[in-house]
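Trainee: Structure below; questions to follow.
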Amino acid sequence: MSFFSALILAISASLDSLSVGVAYGSDNIKVSLKNITIISLITALGTLISMILGYFLSTFLTETLANAIGSILLIFIGLWFIISFFYKKDVKDTKIQLPSETCNYKNILGNPSIADTDNSKSIDTKECICLSIALSLNNLGLGISASITGINPLTATLLTFLIGMICFLIGFFIGKKFLSKYLGNYSGLFSGILILALAVFQLFF
């Protein structure tokens with residue numbers, strides 16, 4: 001069951017990578033396999049760090065209380081993803097960004113194309129690190145909450161790395177097809193539903 005929970009966590013944490021892949025595929029922005037690996041690795045390390053932090057917080061709580069608190073936090077995070085999906089505003093595709101705004105993680109996740117700061121239609125190593133940090137910060141609360149419920153950090157980290165790479169590649173491929181906008185726009189909703197499912201599973205099982 002712990003593996004199943006870690007799998008759900010990894011999938012929900014990787015949907016942002018799927019959405020980014022869709023955006024890059026539809027905009028014909030090239031990302032090398034090496035840089036996709038770097039993105040997935042840094043995102044997975046971010047998940048590990050957040051889960052370690054959650055583990056230390058859980059040492060001050062009983063197992064039952066820690067599981068309840070973690071599950072409730074996951075419920076709030078899932079609801080936040082879903083509410084944000086229904087109330088978010090469309091982000092216009094613009095290449096004019098102030099230097100201080102370019103690496104703002106909310107800007108990047110709302111419009112991944114701005115990570116291509118030199119408009120080269122290719123994400124280099126520096127740009128992919130900036131993107132990776134944005135993805136990691138977006139999963140910070142999810143990792144902490146999931147760890148408090150008792151999900152194994154190492155299993156979750158490994159699965160996040162593998163599934164993150166797969167999601168990015170699948171998203172990039174789909175981005176070249178007609179379903180790109182549909183799947184990319186709905187990734188936040190799918191992620192919220194998965195997080196809620198994980199919270200309910202951890203709370204009652």
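The values are calculated or read from the model by the stated rules, or taken from the named source; none is laboratory data. It should be emphasised that the depicted structure is a prediction, and the values quoted were computed from it without experimental measurement. Glycine also receives a Cβ, built like all others from the backbone with ideal geometry; neighbour counts cover every protein chain displayed. For accessibility, only protein heavy atoms count, side chains too; no ligands or nucleic acids. Shrake-Rupley method; radii C 1.70, N 1.55, O 1.52, S 1.80 Å.
Trainee: Give the accessible area for Thr64 in Å² (nearest 10); use a 1.4 Å probe, count only protein heavy atoms, and leave out ligands, DNA and RNA.
Mentor: 110
Trainee: Still on this model: Kirkwood Rh, Cα Rg: Rg to Rh for segment 1-64?
Mentor: Details: Rg = 15.7 Å, Rh = 14.0 Å.
When Rh is taken as the Kirkwood radius, the ratio is 1.12.
Trainee: Give the peptides 66-75, 8-17, 138-147 in descending order of average Cβ contacts within 10 Å, highest first.
Mentor: Peptide ranking by packing, descending: 8-17, 138-147, 66-75.
Trainee: Leu162 accessible area, nearest 10 Å², 1.4 Å probe?
Mentor: Per-residue accessible area (Leu162): approximately 80 Å².
Trainee: Using amide H atoms built in the peptide plane, which far-off residues or other-chain residues are under 5 Å from Lys30 H to H?
Mentor: When sequence neighbours closer than 5 places are left aside, the close amide H contacts are Ser122, Ile123.
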